[in-house]
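The structure appears right after this line, and notes come after that.
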Amino acid sequence: GLAESVSTNLDALDMRSSPSQSLGIASLPDPLIYWSVADKNGFWGTDPQPEYAGLGYTGRDIFVGLPLDGYSNHPGGISKYADGGDLGLTAGDDIDALVVIDLDGNPRDFDPVVDAIIYSLTGNSASLELVDFAGAVDKSGADIFQVGLGMLIPSRFASAEELGLNPMAGDDLDALDVAIPSLVGDYSTAVPEPATLIMLLLGLFLSPMRRRKAG
């Protein structure tokens, strides 16, 4: 239901999507899913697909849906959670890793004052070549960026170097998951400090990815 046509490329996906973003093992009460597709499948893309080729749908946008909506099959059309402009992105950008932390009680609409979006871009995204994007230098598809929680322009959440990645060797972050206690409630007695937890989770994810690339 997210990628109806055989040529649609699902680029990023977040399925742990409830306003509380609970870190517990209980089942989630809300099955909302957030996703993005390849920029080439959107409006004016090189391989436009019917569900995503409408005016204003691009690879820099984030969509949202429920099973009862049929996701991209909804008769009323696809529902957009956040426009690329809300993420500080421009034409030619393509999100390929995504975490949505929706805290304002309205999980269908991104509020940059309260909510947060953490994302990575494909290595050929236009913003990575902009000097002023995210206030960072040497940006790449192996970096992680963040917008929201009162920040209306993106900042670099973690650099490729901090993740142990080397863009010059072709490293590119394609999937992402983070759990930050300070963003989801007071779990300080149950989980490590945020920085330790983030690096642990990313390390567990990136290790098999790097082994596959090395093989």
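The values are calculated or read from the model by the stated rules, or taken from the named source; none is laboratory data. In this text the structure is predicted, and so the values were computed from the model without any measurement. So basically every Cβ, Gly included, is an ideal-geometry build from the backbone, and we count neighbours across all protein chains shown. Calculation scope for accessible area: heavy atoms of the full protein, side chains included, ligands and nucleic acids excluded. Shrake-Rupley method; radii C 1.70, N 1.55, O 1.52, S 1.80 Å.
Key figures for this structure:
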item	result
Probe 1.4 Å - accessible area at Lys40, Å² to nearest ten	90
Accessible surface, 1.4 Å probe, highest first, among residues Met168, Met15	Met168, Met15
√(5λ) per eigenvalue of the Cα gyration tensor, region 62-163, largest first, Å	26, 15, 12
Summed side-chain charge close to Ile153 - residues other than Ile153 whose Cβ falls under 11 Å, Lys, Arg +1, Asp, Glu -1	-2
Surrounding net charge for Ala38, when Lys and Arg each add one and Asp and Glu each subtract one, Cβ distance under 9 Å	-4
Modelled label reach - Asp177, point 7 Å along Cα→Cβ, region 113-131 residues with backbone N closer than 12 Å	none
Stokes-Einstein D in µm²/s, Kirkwood radius over Cα pairs - region 76-135 at 25 °C with 0.890 mPa s viscosity	194
Environment charge of Ala136, counting only residues whose C-beta is closer than 12 Å and scoring Lys/Arg +1, Asp/Glu -1	-3
Listed residue (Ala116, Leu149, Val99) projecting farthest to the positive dipole end of region 98-157, Cβ model	Val99
Exposure rank, largest accessible area first [Leu55, Leu103; 1.4 Å]	Leu55, Leu103
With all protein chains modelled, accessible area of Asp174 [1.4 Å, Å²]	90
Cβ-derived FRET efficiency at R0 30 Å, Thr90 paired with Asn166, nearest 0.05	0.70
